[in-house]
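Before any comments, here is the structure.
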Amino acid sequence: MPVAEASNASPVRRAAEARGRAAEERVALRLEAEGWRILARRWRSGAGEIDLIGECRGLLAFIEVKARPRLAEAAFALGARQQARLLAAAEAWMAANPGHGSGGIRFDVVLVDGEGRMRRIKDALRAGG
């Protein structure tokens, strides 16, 4: 089933989309303040979408941002199907953008609650694991 365009989405969906974009922006700003270079935002391929792709001192991170009213809710928001799509999208990004990740590659999840608090889970998922 195709995803509705933002203009056709319900007000609830549009509000959730706006919260997600705001959370991604906050996470990107924090990462940049920590020395990360954001290589891509909301990168899409036929395999899926990656919220943020960043690199710091050769370490390449594919970052999934989950915004929910409470951190505990956000922690359970990345299901197995979405994890598989994230891994496949990362493979597509690496194929299209060689030369990154000389210091390693990892998948991080950043949880953002309704108050704007963030919790970063480094190396949250692994290919084949």
What number of residues within region 61-81 satisfy the criterion of being within 13 Å of the chain's Cα centre (by Cα) and either part of a strand (DSSP E or B) or farther than 21 Å from Gly114 by Cβ (or both)? 7
From the option list Ala88, Ala9, Ala23, single residue qualifying as among the hydrophobic types (A, V, I, L, M, F, W, C) and free of Cβ contacts under 8 Å to residues at least 12 places away in the same chain is Ala9
Residue satisfying condition, being within 14 Å of Arg120 (Cα to Cα), among the aliphatic types (A, V, I, L, M) and without any contact (Cβ under 8 Å) to a residue 24 or more places away in the chain, within set Ala33, Ala72: Ala72
Test for Glu55: is it among the acidic types (Asp, Glu), out of contact with any Asp or Glu (no Cβ under 8 Å at 6 or more places or on another chain), farther than 18 Å from Glu25 by Cβ and crowded, with 16+ Cβ neighbours inside 10 Å: yes
May I ask you to say which residue of Ala40, Ala61, Ala67 is touching a helix residue (DSSP H, G or I) at 6+ places or on another chain (Cβ under 6 Å) and either of a type in the set (Lys, Arg) or within 30 Å of Arg13 (Cα to Cα) (or both)? Ala67
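Read-outs: derived from the displayed coordinates by stated rules, not from any lab. Since the structure is predicted, the reported quantities are computational estimates derived from the model, not experimental observations. Counting neighbours? That spans all protein chains shown, and the Cβs are built from the backbone with ideal geometry, glycine included.
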